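Participant: The structure follows.
The values are calculated or read from the model by the stated rules, or taken from the named source; none is laboratory data. Everything numeric here is computed off the predicted structure, so don't read it as measured data. Positions of Cβ are generated from backbone atoms using ideal geometry, with glycine treated the same way; all protein chains shown enter the neighbour counts. Heavy atoms of the whole protein, side chains included, go into the accessibility calculation; ligands, DNA and RNA do not. Shrake-Rupley method; radii C 1.70, N 1.55, O 1.52, S 1.80 Å.
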Amino acid sequence: MNVISRPHEFNSGDLFVNLEETIGTRLMLKCEGFNFAGSIKLKAARSMVDVAERTGLVGPGSTLVESSSGNLGVALSMVAASRGYGFICVTDSRCTLGARQMMRALGGQVHVVTTPDPVHGLLGARIRHVRELCASRGDVHWLNQYANAANWQAHYQWTGPEILSAFPGLSVLFVGAGTTGTLMGCARYLQEYRPSVRIVAVDAVGSVTFGGPAGNRMIPGLGTGVRPGLLDESFVHDVVMVAESDTVRVCRQMARSGFLFGGSTGTVVGGAVSWLTRHPLDASAVAVAISPDLGDRYLDTVYQDRWVTDIYGPAVLEDAPTAAV
């Protein structure tokens, strides 16, 4: 029995789904959506706030501010509420309505940026807005998930060890790349404790993280318009880029088996299947992918037929189950 006093004290770290029956590929999926924040971002939120408190950067009367496409904003709203801080999330129009409502319900403020920066897109515009807030208010502290070492350290401390404890014979790990906090923390841990593991980063087409051309991205979570300061490519063995249309197909394929996962999970699983098809593993090898969140926050996007066809065309639905119109 778990008895907790604060919401961030609970997180299910040992739940994995065997996807072989669902997708036809031997792949274990680490599910990170079972906590009160609903995503893996709870780990980073807790870690960054812990460090900010220990170093005296925040205290009574402080207001935290962060740029987020949704999940970290929800997690920080929850942590801020439980510790008595204010919170401002700077997001953009791709942030789902559900995530915005959750942040506000938890006492957070939500600032929505709608005009992209001419060079760095919506993310660049969000960061500029954050800097303006910090310059105008003395009580505001920017945690800066894109360059804050406490982001990747959370996954070095928790996520990497959880995976290796469950699968000591791990062969390859697939990790989605957003801020690259999860990617860097897991990669650093595994390089130290099981260096034979192949680290495969999965990113969305249109993201500039690994040097690709910038393009429109409508599904929040993975990908960036500004290269993350945390990224060290020397820890990454391969990179797989996944089109958002394939993200939608994979999400809906998993939903047919009763697993409603988020858009980032669809991207990671799609990238894993693509890589494993080109690099078949022997029967003893173990492949694991990380699922950042569940699908409830994507009901009005990835699982909404009209939204999907308006953006990607009707062909995307041909191999997917019918969802709400």
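Participant: Starting from residues that are of a type in the set (A, V, I, L, M, F, W, C) and touching a Ser or Thr at 6+ places or on another chain (Cβ under 6 Å), keep the ones in the stretch 101-111 and report whichever is farthest from Asp296 (Cα to Cα).
Facilitator: Within the stretch 101-111, the match that is farthest from Asp296 (Cα to Cα) is Leu106.
Participant: Here's a check for you: in the stretch 1-35, which residue that is in a loop (DSSP other than H, G, I, E, B) and of a type in the set (Asp, Glu) is surrounded by the most Cβ atoms within 10 Å (Cβ to Cβ)?
Facilitator: It comes out as Glu32.
Participant: Go through (1) open to solvent by less than 10 Å² (accessible area, probe 1.4 Å); (2) farther than 17 Å from Leu122 by Cβ and name the single condition Glu192 misses.
Facilitator: Of the numbered conditions (1) open to solvent by less than 10 Å² (accessible area, probe 1.4 Å); (2) farther than 17 Å from Leu122 by Cβ, the odd one out for Glu192 is (1).
Participant: Quick one: what pairs do we get from the stretch 210-233, first residue without any contact (Cβ under 8 Å) to a residue 40 or more places away in the chain, second assigned to a loop (DSSP other than H, G, I, E, B) and hydroxyl-bearing (Ser, Thr, Tyr), C-beta under 7 Å, 6+ apart or different chains?
Facilitator: Arg227/Thr209
Participant: Right, here's the next one. Can you find a residue in the stretch 197-204 that is open to solvent by 10 Å² or more (accessible area, probe 1.4 Å), more than 16 Å from Pro292 (Cα to Cα), modelled with pLDDT of 95 or more and not aliphatic (A, V, I, L, M)?
Facilitator: Yes - at least one qualifying residue is present in the stretch 197-204.
Participant: Let me ask another. Determine if the stretch 224-232 includes at least one residue that is among the hydroxyl-bearing types (Ser, Thr, Tyr) and open to solvent by 30 Å² or more (accessible area, probe 1.4 Å).
Facilitator: The answer is no; no qualifying residue exists.
Participant: Yes or no: the stretch 250-268 includes at least one residue that is hydrophobic (A, V, I, L, M, F, W, C), open to solvent by 60 Å² or more (accessible area, probe 1.4 Å) and modelled with pLDDT of 95 or more.
Facilitator: Yes; the residues of the stretch 250-268 include at least one that is hydrophobic (A, V, I, L, M, F, W, C), open to solvent by 60 Å² or more (accessible area, probe 1.4 Å) and modelled with pLDDT of 95 or more.
Participant: Looking for something under 23 Å from Phe261 (Cβ atoms) and either over 16 Å from the mean Cα position of the chain (by Cα) or not acidic (Asp, Glu) (or both) - is there at least one such residue anywhere in the stretch 46-60?
Facilitator: Yes, the stretch 46-60 has at least one match.
Participant: Give the residue, chosen from Leu72, Leu106, Leu15, that is touching a residue at least 12 places away in the same chain (Cβ under 8 Å), under 30 Å from Ala283 (Cα atoms) and among the aliphatic types (A, V, I, L, M).
Facilitator: Going through Leu72, Leu106, Leu15 in turn, the sole match is Leu15.
Participant: So if I check each of Met241, Met254, Met218, which one is farther than 27 Å from Glu20 by Cα and aliphatic (A, V, I, L, M)?
Facilitator: Testing whether each residue is farther than 27 Å from Glu20 by Cα and aliphatic (A, V, I, L, M) leaves just Met218.
Participant: Quick one: is Ser82 buried (at least 16 other Cβ atoms within 10 Å of the Cβ), modelled with pLDDT of 95 or more, of a type in the set (S, T, N, Q) and over 21 Å from Ala135 (Cβ atoms)?
Facilitator: yes
Participant: List every residue pair whose Cβ atoms lie under 7 Å apart, where the two residues are 6 or more positions apart in sequence or sit on different chains, the first residue falls within the stretch 238-256 and is touching a residue at least 24 places away in the same chain (Cβ under 8 Å), and the second residue, located anywhere, is of a type in the set (Gly, Ala, Ser) and assigned to a strand (DSSP E or B).
Facilitator: As it stands, the answer is Val239/Ala201; Val242/Ala204; Glu244/Ala204, since those pairs meet every condition given.
Participant: In addition: So Thr322 passes all but one of these: (1) among the β-branched types (Val, Ile, Thr); (2) open to solvent by 20 Å² or more (accessible area, probe 1.4 Å); (3) in contact with a helix residue (DSSP H, G or I) (Cβ under 9 Å, 6 or more places away or on another chain); (4) modelled with pLDDT of 95 or more. Which condition number does it fail?
Facilitator: Against the list (1) among the β-branched types (Val, Ile, Thr); (2) open to solvent by 20 Å² or more (accessible area, probe 1.4 Å); (3) in contact with a helix residue (DSSP H, G or I) (Cβ under 9 Å, 6 or more places away or on another chain); (4) modelled with pLDDT of 95 or more, Thr322 comes up short only on (4).
Participant: When residues of the stretch 269-312 are filtered for being charged (D, E, K, R), open to solvent by 50 Å² or more (accessible area, probe 1.4 Å) and within 24 Å of Glu20 (Cβ to Cβ), how many remain?
Facilitator: 2
Participant: Given the conditions (1) modelled with pLDDT of 95 or more; (2) farther than 21 Å from Thr247 by Cβ, and given that Tyr146 satisfies all but one, which numbered condition is not satisfied?
Facilitator: Just one mismatch for Tyr146, condition (1).
Participant: Tally the residues that are free of Cβ contacts under 8 Å to residues at least 60 places away in the same chain and either loosely packed, with under 15 Cβ neighbours inside 10 Å or among the polar types (S, T, N, Q) (or both), restricting the search to the stretch 132-164.
Facilitator: Matching residues across the stretch 132-164 total 4.
Participant: Under 7 Å between Cβ atoms, which residue pairs at least 6 apart in sequence (or on different chains) link something in the stretch 181-201 that is over 20 Å from Ile40 (Cβ atoms) with a partner that is open to solvent by 70 Å² or more (accessible area, probe 1.4 Å)?
Facilitator: Arg198/His237
Participant: So, one more: I'd like to check something: does the stretch 116-128 contain any residue that is crowded, with 19+ Cβ neighbours inside 10 Å and touching a Gly at 6+ places or on another chain (Cβ under 6 Å)?
Facilitator: yes
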